[in-house]
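Undergrad: Structure incoming, see below.
Coordinate-derived values only; no laboratory data. Just so we're clear, the structure is a prediction, and the values are computed from it rather than from any experiment. Here the Cβ positions follow ideal geometry from the backbone for every residue, glycine too, while neighbour counts run over all protein chains shown.
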Amino acid sequence: MLYHAYELNHAAMAPFREVAGFGKRFLESPLNLFGTTAAGKSMSAAFDLFEAVTRRYGKPEWRLHETLVNGAPVPVKDRVIWQKPFCQLIHFERDAAALLAARGKVEADPRVLVIAPLSGHYATLLRRTVESFLPDHEVYVSDWTDAREVPMVNGKFDLNDYIDYVIDMLHVLGPNAHVVGICQPGPPVLAAISLMSEMNDPSLPATMTFMGSPIDPRESPTLPNNLAKERSYEWFRDNVIYPVPFPNPGFLRPVYPGFLQLGGFISMNQDRHVNAHKEFFNHLVEGDCDSVAKHREFYDEYLAVLDLTSEFYLQTIRDVFQEFKLPKRELMHRGQLVKPDAVTKVALMTVEGENDDISGIGQTQAAHELCCNIPNSHKIDYVQPGVGHYGVFSGKRFRQEIQPRMREFYRLHFDPQAEAEFQKSNPHLISS
């Protein structure tokens, strides 16, 4: 009943949000002189803060309309090139004519497939990650669907389906792409590439990169890791799974609600979020528009959450965080043992943050030991000093220190001539 109570509370607060919105507009009217006083500004800020903390945040837009190549603007549009009930594959398509004008020559770029985490937030959380790749890469992103939007008629979605989806996306892109698994996708992406390697699949990627991923959560366990171990599988099944309420399209689908995941995220850094909203109130009163805009941009993304199917969530809890099946070499996929040592042709890069409080040091590095048959010359392990979990894939140090290393890694395992021939014979992957 918790999900129904959440929906009821949201509906009950609607009239108060309307009153707050009216009060804010009234106080901000240029005809209202009281709104220019200290008391008026404080009341307006209070109305704004109330609306911000009580409303529901929908799926954000990507808002990536342009990139810079050699200092010249190149238009970008996002286009869906593959779709299934629980995910769509988006290509951030750069305008070919503008790209040619900016470079002065035709040049093929590496295809990068970013597998976004399915752990509560939308793929748009990686907006800045995608933005940093756009000047030098053809970028594709897995855009996961909110489970409450998927009708029951579309069936289940578990960790095995996730692995199948990754394999399907690699088949769509073809051989020699560069796969990036950020946080949660690490284990299923490694499993997918292991299965493809054992079958000698012609669509194998050229490289795989894991960033802050729980490949082996036994290494440097963090608070979320310890919580998963302290509670039983049955506890998670009985306490955090709820049916989607009417009138959502996924009515009656059992899910791990996004608002519960968000509550867990916030509780880990509660003081930080409280202080951020205090500062937001003060910036509103002071009229500091830049600081207000930065706060809104961050929290419009951070507070937008999606539901996970119960079968995916529970299987991930059990197989990844409780029984450690992948590092123990016990993970099964539809009756077949996943063998990371079957990977021999795909280069490996791991990236960790020194201060990561979600995936501790060593959890991502574990991929190197598991993929023991990849030549050492095709492996790179990098630990970024001074960053936490989000700093691994976003922010100044990612742009200046991590992403350039990834770009160099992809170029090292990239054949421009072969890529040009491939893109020429598969134009649907590059432009509409």
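Undergrad: Can you give me the Cα centroid spacing of the range 33-47 and the range 150-226 in angstrom?
TA: Each part reduced to its Cα centre gives a spacing of 51 Å.
Undergrad: What does the helix-only formula give at 222 nm for the chain: each DSSP H stretch with n ≥ 4 adding -39500 (n - 2.57), the total divided by the residues, and the result rounded to the nearest 500 deg cm²/dmol?
TA: Mean residue ellipticity, 222 nm, calculated: -12500 deg cm²/dmol.
Undergrad: Right, next: Working from the pairwise distances between different alpha carbons, so that the mean of 1/r is found and then inverted, what is the chain's Kirkwood radius in Å?
TA: After inverting the mean inverse Cα-Cα distance, the result is 23.2 Å.
Undergrad: Find how many whole Å separate the alpha carbon centroid of the range 403-430 from the alpha carbon centroid of the range 82-116.
TA: 11 Å
Undergrad: Also, quick follow-up: What lysines does residue 424 reach when the alpha-carbon gap must be under 29 Å and sequence neighbours fewer than 8 apart in one chain are set aside?
TA: Leaving aside lysines fewer than 8 places away in the same chain, those within reach of residue 424 are 77, 84, 105, 345.
Undergrad: For helix 38-54, report the angle its Cα long axis makes with the longest principal axis of the Cα atoms of the chain; keep it between 0 and 90° and round to the nearest 10°.
TA: 40 degrees
Undergrad: With springs only between Cα atoms under 10 Å, which of 101, 366, 147 fluctuates most in a Gaussian network model of the chain?
TA: 101
Undergrad: Among the lysines, which fall within straight-line cross-link reach of residue 294, defined as a Cα-Cα distance under 19 Å, with same-chain neighbours fewer than 8 residues apart omitted?
TA: 59, 278, 396
Undergrad: Can you tell me the relative contact order of the range 173-225? Whole percent, Cα pairs under 8 Å, sequence separation 6 or more.
TA: 51 percent
Undergrad: Ranked highest first by average number of other Cβ atoms within 10 Å, how do 31-42, 66-77 line up?
TA: 66-77, 31-42
Undergrad: In debye to the nearest 20, how big a dipole does the chain give about its Cα centre with +1 on each Lys and Arg Cβ and -1 on each Asp and Glu Cβ?
TA: Computed charge dipole of the chain: roughly 300 debye.
Undergrad: On a C-alpha basis, how far is the centre of the range 253-281 from the centre of the range 282-350 in Å? Whole number, if you could?
TA: 16 Å
Undergrad: To the nearest 10 degrees, how steeply does helix 2-28 sit against the main Cα axis of the chain, on a 0 to 90 scale?
TA: 60 degrees
Undergrad: Over the range 281-423, calculate the relative contact order: mean separation of alpha carbon pairs under 8 Å at least 6 apart, over the residue count, as a percent.
TA: Answer for the range 281-423 is 17 percent.
Undergrad: Another one. Check cross-link reach from residue 229 to the lysines: straight Cα distance under 18 Å, and skip same-chain residues fewer than eight apart.
TA: Within the straight-line limit of under 18 Å, residue 229 reaches these lysines: 325, 328.
Undergrad: Of 85, 36, 313, whose Cα points farthest to the positive end of the dipole of the chain (charges on the beta-carbon: +1 Lys, Arg; -1 Asp, Glu; origin at the Cα centre)?
TA: Farthest towards the positive end: 36.
Undergrad: What do you get for the angle between helix 270-286 and the principal long axis of the chain? Use alpha-carbon atoms, 0 to 90 degrees, nearest ten.
TA: 50 degrees
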